[in-house]
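Just below is one structure, and these are the notes that go with it.
Just so it is clear, none of the values below were taken in a lab; they were calculated from the coordinates. This is a predicted model, so every value here is computed, not measured. FYI the Cβ positions are ideal-geometry reconstructions off the backbone, even for glycines, and counts take in every protein chain you see.
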Amino acid sequence: MLRNAKVYEQIREALTQRVQASKLSAQDVLDDLLAVGCSDIGRYVDIDPRGNILINLSAVQEGDLRAVQEISQAEATDKGTRTGKRTRIKLYNKVDALGKLLTYLEQAGLLYPKET
């Protein structure tokens, strides 16, 4: 179907219109990939003196939430007795984002060897 030049052009035009309507830019995509690729779970949690991990979103800086894929809560129980809530935080896949960034930088000719 995409071998047909007319169909290809119609699909290309439709996608172009969608991107323009959403006001999505290549810089936006790059910024999101950087947010995920440079994410650090330490920005989202605190560790108390007993070693317990506590989710703390109050210190999150602008843009850090772009790396969060999911936040969920469930009742925590012990032998059927409610003990509180269990909150989970899941970040987007950092390795995938870094791979896409690397591909972009290579294709754009922006990847330079590290100077020592």
If we take the stretch 50-106, then strands (runs of 3 or more DSSP E) inside it with 3 or more residues that are farther than 23 Å from VAL36 by Cβ are 68-78, 81-91
Run LEU57 past the list (1) touching a residue at least 24 places away in the same chain (Cβ under 8 Å); (2) touching a Phe, Trp or Tyr at 6+ places or on another chain (Cβ under 8 Å) and report the number of the one that doesn't hold.
-> (1)
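Can you report the number of residues in the stretch 21-70 which are charged (D, E, K, R) and in contact with a strand residue (DSSP E or B) (Cβ under 7 Å, 6 or more places away or on another chain)?
Our first condition is that a residue be charged (D, E, K, R); within the stretch 21-70, this holds for 23, 28, 31-32, 40, 43, 46, 48, 50, 62, 64, 66, 70.
Right, trim to in contact with a strand residue (DSSP E or B) (Cβ under 7 Å, 6 or more places away or on another chain) and you get 46, 48, 70.
Result for the stretch 21-70: 3.
Yes/no per residue for (1) surrounded by 13 or more Cβ atoms within 10 Å (Cβ to Cβ); (2) free of Cβ contacts under 8 Å to residues at least 12 places away in the same chain; (3) over 14 Å from ILE41 (Cβ atoms):
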position	(1), (2), (3)
ASP64	yes, no, no
GLN73	no, no, yes
GLY80	no, yes, yes
GLY84	no, yes, yes
ILE89	yes, no, no
